[in-house]
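Engineer: A single structure is presented below for examination.
The values are calculated or read from the model by the stated rules, or taken from the named source; none is laboratory data. Small disclaimer: the values here were computed from a predicted structure and weren't measured. Cβ: placed from backbone, ideal geometry, glycine included. Neighbour counts: every protein chain shown. Calculation scope for accessible area: heavy atoms of the full protein, side chains included, ligands and nucleic acids excluded. Shrake-Rupley method; radii C 1.70, N 1.55, O 1.52, S 1.80 Å.
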Amino acid sequence: MSAEPQTRSALISSISSHQLQALLEITESITTHQDLGLLLRDIAARLRGIVSFETISVMLHDPARNVMRLELLVEHGRVGIELGNEFAIEGSPHGLVWETQKSLLIHDVEHETRFPQIMETLRKCPHKSYYVLPLTSVGRRLGAIAFGNKDKSAPEEIGLDSLEQVAKQVAIAVDNALNFQRAQRERDRSQLLLEINNAVVSTLDLEELLRAVSSSLQRLLPHDFADLILRDAESGQYFVAALDYPDHHDFFAVREPITIEGTALESVLHSQRPLVCSAESLANYPADVTMRRGVNLGLISACHVPLVSHNRSLGLLSLACKRQDAFTPEAIELLSETAKQISIAVENSLTFREVEVLRDRLAGEKQYLEEEIQTEYNFEEMVGRSAALKRVLKQVEKVASTDSTVLLQGESGTGKELIARALHNLSTRREHTLVKVNCAAIPTGLLESELFGHEKGAFTGAVAQRIGRFELAHQGTLFLDEVGEIPLELQPKLLRVLQEQEFERVGGGRTIRVNVRLIAATNGDLSQMVAEKKFRSDLYYRLKVFPITLPPLRDRREDIPLLARSFTQKFAHRMNKRIETIRSDAQAALMNYPWPGNVRELENFIERAVILSRGPVLDIPVAELKSSSRTDVQQGADATLESMERDHILRILRETRWVIGGPRGAAARLRMNRSTLNSRLRKLGITRPKPR
């Protein structure tokens, strides 16, 4: 006869029919209970039919933490131990029995010196004897079961060998329940990861994603707080990208920058491994303001998991609880798997945002360039051989290859915009956009939005987000014409962009970094404006890194014949006319005229001459030049530039009968935007005379 039947026969022969019935009921419990807690409580009740005891306890080994955990305690007296308490293997009789796989009989609890913590608890019951037996199933060491009695004798109802056989039956039941729990956890885990994967592929909004992930995790890992912290690729700063903490909306703000130096977050990002923190962790991270704020709100347990995709660190996922020791090794493993899925979503979201920003920027550049194509200016070449122009071009050649700010100074119509384009085309930024802004042509209230953009709803009429000119000029050049017209209240923001290369859109809180080279132009005296407190001195000095003064046309008279021929060919081609020569007396008249409106006035004058010409010779109204010249001489040599400009504009207005807009209006004749001309009229105090 084999050993197993002999043991079973010995067991059956040593117990009564009543005890046998109880043993059969235990066997039946193996198949009827799948919940470990219910199973152990049912077995404890049925064991009273086999063996008498005052206390029964079951401890199972936790392989992840290598401790013994109390799973069952049934007692008649009061015992100061709660379910779930953990004990070191060497500090408990259950651990010794689990380790040695030998039963332990303690006949006199009062004088037992080992296991002081548990013995002290048993003495309070009071217990005299304590019997601990291993729970082992199919080679798996599960834990130990213990019986406590008030007398020192061994159980009389059943022998120790038979009791060990009972323990084996209990072990089978426990093993089945543990296997069922393990299978259930794997099923729930797979279901959770599937839900997270569905959330990842269905949304690019990180806040919506975090809410979905947090809701799914609640089933397996209850928590009170979740957030996503990401790294801004441009600034390198970390910020809160998403937050799920309904109880305290003021804990963090989305897009709020996070300082990670000296914090637990820095440790996670450096090691790229999960980190569990508790309230006691503050001693290790005294500078961690975020952890201190969470602990003050009752979040005493937290787990931080790095987000990594394609070996690139994106940030981290954090969960926090108001329960101590909420994050077991199994929970950390689950969070790590979740973080892998979230990393994919984060990378997709960031990529989408980059594409969206580029798309908006390209759309803005396309619209801007289309508007530029419609303008009438000719920037193909700069015409002239004078020493004054050569000095300017030499300065342009020196500074163009740098990223230094350039301030173009000179009278209106001297070609500042043309020089700005030359600076851009000769620079390393020529493959990117040159964006132009006439500061005088934009109403004061809209200039900030024009330069820096605005968010949807930033002000009345802001029905959509708009990208400003600084963003359009990213990696390129921004040309600010008539920079002296920028309001004083806007100048500090412009100064910050020049110094820090960063700003916020109107109505927005996110800092935008740009890489822009600035070229500014003015026909006024900025130094005088600084003295009159009309322009900030710090901004003036920041703009005046490399000043270039463009000479008026009267100081480069030798260039007038070349310019006249160039403009003649341009307008003759446009009007399908064939004009070959300019009379010498006409050239002399052109060179003797002072041209208060500079090159722009000359261009307009030549256009009118081409219109009047009927043959191959340019028909220049010389008498008009002589008359204007005599008028200028009579006004005296002390006439100011402003008065000359005023007289020139008045003359054009009279010729156009005070029509400002339209193709034949004064703005078109003066080569100005209509809003720019209106601004000059107000500045010069020019008003239309009342009809008689």
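Engineer: Using the Karplus curve 6.51 cos²θ - 1.76 cosθ + 1.60 with θ = phi - 60°, what ³J(HN,Hα) values do you get for each residue of segment 438-450, in whole Hz, with x for Gly and Pro?
Structural biologist: Karplus values, whole Hz, x for Gly and Pro: 9, 5, 7, 8, 10, x, 3, x, 9, 5, 4, 5, 5.
Engineer: With the full set of protein chains in place, find how many percent of the accessible area of segment 80-119 is carbon and sulfur; take the probe as 1.4 Å.
Structural biologist: Within segment 80-119, the accessible surface is 52 percent carbon and sulfur.
Engineer: Step through the residues of segment 229-243 one at a time and calculate ³J(HN,Hα) from phi using the Karplus curve (6.51 cos²θ - 1.76 cosθ + 1.60, θ = phi - 60°), rounding each to whole Hz and writing x for Gly and Pro.
Structural biologist: 10, 10, 9, 6, 5, 7, 8, x, 8, 8, 8, 7, 8, 7, 8
Engineer: Within segment 433-463, which GluC sites (Glu not before Pro) sit in a loop by DSSP and count at most 10 neighbouring Cβ atoms inside 10 Å?
Structural biologist: Those that pass, being in a loop and sparsely packed, number zero.
Engineer: What is the percent carbon and sulfur in the accessible area of segment 213-290, measuring with a 1.4 Å probe over the protein chains and ignoring ligands?
Structural biologist: Heavy-atom surface of segment 213-290 belonging to carbon and sulfur, 1.4 Å probe: 50 percent.
Engineer: Could I ask something else about it? Output ³J(HN,Hα) for segment 658-668: one whole-Hz value per residue in order, computed from phi by the Karplus curve 6.51 cos²θ - 1.76 cosθ + 1.60 with θ = phi - 60°, and x for Gly and Pro.
Structural biologist: Values per residue, Gly and Pro as x: 6, 8, 8, x, x, x, 10, x, 5, 4, 5 Hz.
Engineer: Counting only residues 5 or more places away or on other chains, whose amide H sits under 5 Å from the amide H of residue 436 once H atoms are built in the peptide plane?
Structural biologist: When sequence neighbours closer than 5 places are left aside, the close amide H contacts are 479.
Engineer: Now for a separate question. Amide H neighbours of residue 659 under 5 Å, counting only residues 5+ apart in sequence or on other chains, H built in-plane at 1.01 Å?
Structural biologist: Here 666 satisfy the definition.
Engineer: On average, how much accessible surface per residue is there in segment 506-581, in Å², for a 1.4 Å probe, leaving out ligands, DNA and RNA?
Structural biologist: Accessible area per residue, segment 506-581: 51 Å².
Engineer: For residue 548, which sequence-distant residues (separation of 5 or more, or a different chain) have an amide H within less than 5 Å of its own amide H, given hydrogens modelled in the peptide plane?
Structural biologist: Here 407, 408, 409 satisfy the definition.
Engineer: Please compute the modelled spin-label separation between residue 402 and residue 358, points set 7 Å along Cα→Cβ, answer in nm with one decimal.
Structural biologist: Going from the residue 358 label point to the residue 402 one covers 3.3 nm.
Engineer: Among 445, 423, 457, whose Cα projects farthest towards the positive end of the dipole of segment 423-482, with charges put on the beta-carbon of Lys, Arg (+1) and Asp, Glu (-1)?
Structural biologist: Positive-end residue among those listed: 423.
Engineer: Let me test this: with uniform point scatterers at the alpha carbons of segment 392-547, what is the Debye-based log₁₀ I(q)/I(0) at q = 0.09, 0.18 1/Å?
Structural biologist: The calculated log intensity ratios at q = 0.09, 0.18 Å⁻¹ are -0.28, -1.11.
Engineer: Here's another thing I want to ask about it. Could you tell me what percent of the accessible area of segment 460-583 is made up of carbon and sulfur, with a 1.4 Å probe and every protein chain present?
Structural biologist: So the carbon and sulfur contribution to the accessible surface is 46 percent.
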